[in-house]
Amino acid sequence: MTRTCLSVVLAAGEGTRMKSRRTKVLHEVAGRPLVAHVLASAAEAGTDAVAIVVGRDAEAVAALGRGMVDGVQCFEQTERLGTAHAVVAARAAIAEGYDDVLVLFGDTPLLSAATLSEARRQLADGAAVCVVGFEAADPAGYGRLLMDGAELLAIREDKDATPEERRVRLCNSGVMALDGRRALSLLDRVGNANAKAEFYLTDVVEIARADGLGVRVVLADEAETLGVNTRGDLALVEHLWQERRRAEMMAAGVTLIAPQTVFFSADTAIEADVVIEPNVVFGPGVSVGSGTVIHAFSHVEGARIGADVAIGPYARLRPGTDIEPKARVGNFVEIKNTKLGTGAKVNHLTYLGDASVGPRSNIGAGTITCNYDGYNKYRTSIGADAFVGSNSSLVAPVVIGDGAYVGSGSVVTEDVPDEALAVGRARQVTKPGRGAEINARNAARKAGRT
Ligand code: UD1
Ligand code: MG
């Protein structure tokens, strides 16, 4: 029998210390908002329904939630009266009656699905409350887990703790799993007689124990439980996320020559036997096929890259780039919204925007697709086996046919039929002896004799 699960994500915090116009949970790690990481872990842990408790920027957070989870419900917490008060804001969702209720913080993006699943297993095993705890290097500020052997007696918030209790290093991550049928009865009995006059979620531990219900703790790595409060925390979480993903990539057969210098997005998908040289950045929406090499200092975003391709060094691939197998993209090439056919080559100093290039075509150094007239964008279509000479400007909309040849330095404003030659530049003029005359005159001018 599989158990149903509701995840309640608390995201109503002010996030004052971020000093930002944006609410905290919309700040990004690995190109993805903090709260989206939490929603992804919740989904992976088998969540059936999601409730987000929002404060500032409620509409933006709700829109993000709707984009990721079908039927997500959002509840506004207008007054910030504590973590239990925030969970109760989602009363209508909890009252729908789930077996498990997971309480997650929207600003804690590294918590793994494995940890959440372990907490759910404790509920399946009969516990009414399961707290995710961790051993803190520095416990200051955290709620302490007061244990009697393996049994959790209570969680004491830092501000309410005695000096002796403050010495405890086992802390509350804030994440909790609650028996869904009992959650509201436990939460409704939480009071606010404490140092912060807040309704503490952590009080459900003692309330459940007084009811004779089972309370458990599962332990997570401290790194998993890190919450983001400042820009410094955001950078630390990004660092830890990247470290974890680099290790996963290498374990999956990707070569990273200098792993610390390669940055992935949450959705970067790379097949085995890809080699990534130093200083490469992957923005959102990239996939890379097997056997491809991404040379140093390349920036790739919104691009599908096939197998056995070479990219860079110093290439920039922008959204809508689609590169077929065995193609070559060289140094100082920028590509946007363009399909590059199998085995096509664009090796140096080129901009391809809103274009398609057929198989095996060669785009010479310094080619520019002139895709924008200041108001509208137009397409350039280049067929198969075409050759575009260096330093050509292709003024879109324009079509260059299969097997066509464009002479170097051309400004191409008209379509070029299949197998035709187009030369769009002034004819060369050669004047015998005139070069020597110019040199003599310039030398005299420099010597001050004229
Ligand atoms: C909480 C825990 C503490 C734990 C710590 C871990 C309680 C009472 N304490 O303390 O035991 O060690 O997290 O970081 O639960 N929030 C709302 N509405 C509110 C209050 C909070 O949405 O009214 C959200 C915040 O945005 C945040 C989360 O709940 O994401 C935690 O709130 P915070 O005030 O940071 O709790 P702590 O005091 O850190
Ligand atoms: Mg906190």
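The values are calculated or read from the model by the stated rules, or taken from the named source; none is laboratory data. This structure is a prediction, so every number in the text was calculated from the model and none was measured. Because the Cβ atoms are built from the backbone with ideal geometry, glycine has one as well, and the counts that use them run over all protein chains shown.
Overview of results
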read-out	value
Among residues of the stretch 57-84, those that are touching a helix residue (DSSP H, G or I) at 6+ places or on another chain (Cβ under 9 Å) and either in contact (Cβ under 8 Å) with a residue 60 or more places away in the chain or not in a helix (DSSP H, G or I) (or both), counted	13
Condition check for residue 419: of a type outside the set (Lys, Arg), assigned to a loop (DSSP other than H, G, I, E, B) and on the phi > 0 side of the Ramachandran plot	yes
Checking residue 50 against (1) within 22 Å of residue 176 (Cα to Cα); (2) among the hydrophobic types (A, V, I, L, M, F, W, C); (3) at pLDDT below 95, the condition it does not meet	(3)
Any chance residue 104 is within 16 Å of ligand 2 (Cβ to nearest atom), within 23 Å of the chain's Cα centre (by Cα) and either surrounded by 24 or more Cβ atoms within 10 Å (Cβ to Cβ) or in the same structural domain as residue 209 (by TED's automatic domain parsing) (or both)	yes
The stretch 191-219, residues that are within 16 Å of ligand 2 (Cβ to nearest atom) and among the small types (Gly, Ala, Ser)	195
Condition met for residue 145 (more than 35 Å from the chain's Cα centre (by Cα) and either within 13 Å of ligand 1 (Cβ to nearest atom) or outside any loop (DSSP other than H, G, I, E, B) (or both))	no
Among residues of the stretch 33-56, those that are part of a helix (DSSP H, G or I) and either within 16 Å of ligand 2 (Cβ to nearest atom) or not assigned by TED's automatic domain parsing to the domain that holds residue 89 (or both), counted	3
Condition check for residue 368: of a type outside the set (Ser, Thr, Tyr) and under 24 Å from the mean Cα position of the chain (by Cα)	no
Selection from the stretch 146-171 of residues that are modelled with pLDDT of 95 or more, away from ligand 2 (no atom under 16 Å from the Cβ) and aliphatic (A, V, I, L, M)	146, 147, 152, 153, 154, 168, 170
In the stretch 122-142, residue farthest from ligand 1 (Cβ to nearest atom) [restricted to those that are small (Gly, Ala, Ser) and outside any helix (DSSP H, G or I)]	126
Check on residue 71, within 31 Å of the chain's Cα centre (by Cα), modelled with pLDDT under 95 and closer than 29 Å to residue 23 by Cβ	yes
